Each structure stands twice: as C-alpha cells, then as structure tokens.
Amino acid sequence: MSGAGFAKSRRLLVAADFQSVFDDAQFKVGHQYFLILASRTRLGNPRLGLVIGKKNIRKAVCRNRVKRVVRETFRHSQNNLDSLDIIFLARKGFDTLLPAEQTSIMRDTWRRLAKKVNR
C-alpha cells in the first residue's frame, strides 16, 4: 500500500491551517466521544490535526494512545478522504474504551466522513 504513511505533508501543523478548518468546517461527524471537522482543500491529499486536551483526557499515556489510534486509522483510510483538512477533537470518555473499540469506532467514523464528502 503505497502512500499510506503519515508524513509531515499529511498533518495540520500551523495554527492558520487549524483556524481555517474551524472557521469553515464543511463537514462534521459527531460522536459521543469526539467530533470531527473537515473542509475541502486544493492540496490533493488529506491532512489530519489532533486536538486532545488535558481537560478531556487527563493522563498523558491515555492521550498518546488516543493519538496513536486516530493516526493509524486515518493512515489506513486516507485514500478515501480526498483533499480534506480534518480536525479530530477529543471529548471526555474516549480514553475509557479499549483500543480495539477505539479502532472500530474510528474506522466507522472515517467511512461516514467519506460517505458525506462523496454525496
């Protein structure tokens, strides 16, 4: 599977990029444990930004595990998410799920987002 890495070109790194998605979120996918905001871009590849606050997930170990799961599921689903800037916002409780449950929920969420975009 070529191009399935998570290089710098696949990440939202600059505050201005995050702000543009927050200001103009064309697609939203909500869940009890997180919210995903996305907007179209002209870059030709999807980019992911993570917002996982200490207020919502207290322990650094849990925040890092959530980041790993989100990045990994995004990496496998990025071929279906054409030219989007995506922000993942964590809510309370996502860290209480088992990693397998987190993975399953995230895979389903990426499918839902791809479906919304392709309408």
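Throughout, read-outs are computed from the coordinates displayed, never taken from laboratory work. Please read these numbers as outputs of a predicted model, since none were measured by experiment. Positions of Cβ are backbone-derived with ideal geometry, glycine not excepted, and every protein chain shown enters the neighbour counts.
List the pairs whose first member sits in the range 17-33 and is within 12 Å of LEU113 (Cα to Cα), whose second member is charged (D, E, K, R) and assigned to a helix (DSSP H, G or I), and whose Cβ atoms are under 6 Å apart, counting only residues at least 6 apart or on separate chains?
Going by the 6 Å Cβ cut-off, the qualifying pairs are PHE27/LYS116; VAL29/ARG112.
Considering the range 7-28 alone, what residues qualify as being in a helix (DSSP H, G or I) and either touching a strand residue (DSSP E or B) at 6+ places or on another chain (Cβ under 8 Å) or surrounded by 10 or more Cβ atoms within 10 Å (Cβ to Cβ) (or both)? So that I can check it myself, show each step before the final result.
As a first pass, look at the range 7-28 and keep what is in a helix (DSSP H, G or I): 8-10, 15-23.
Matches in the range 7-28: SER9, ARG10, ASP17, PHE18, GLN19, SER20, VAL21, PHE22.
Residue-by-condition table, conditions (1) more than 25 Å from GLN19 (Cβ to Cβ); (2) in contact with a helix residue (DSSP H, G or I) (Cβ under 8 Å, 6 or more places away or on another chain):
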{"position": "SER39", "(1), (2)": "no, yes"}
{"position": "ASN45", "(1), (2)": "no, yes"}
{"position": "VAL61", "(1), (2)": "yes, no"}
{"position": "ARG68", "(1), (2)": "yes, no"}
{"position": "HIS76", "(1), (2)": "yes, yes"}
{"position": "LEU81", "(1), (2)": "no, yes"}
{"position": "ILE87", "(1), (2)": "no, yes"}
{"position": "ALA90", "(1), (2)": "no, yes"}
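Those residues that are closer than 15 Å to ASP95 by Cα and either β-branched (Val, Ile, Thr) or in contact with a helix residue (DSSP H, G or I) (Cβ under 7 Å, 6 or more places away or on another chain) (or both), I need them from the range 14-37; list them, please. Write out each step before concluding.
Narrowing the range 14-37 to residues closer than 15 Å to ASP95 by Cα: 31-35.
Matches in the range 14-37: HIS31, TYR33, PHE34.
Look at VAL70 and say whether it is free of Cβ contacts under 8 Å to residues at least 24 places away in the same chain, closer than 15 Å to LEU97 by Cβ and β-branched (Val, Ile, Thr). Before you say what the answer is, go through the steps one by one.
Details: free of Cβ contacts under 8 Å to residues at least 24 places away in the same chain: no; closer than 15 Å to LEU97 by Cβ: yes; β-branched (Val, Ile, Thr): yes.
When the stated conditions are applied, VAL70 does not pass them.
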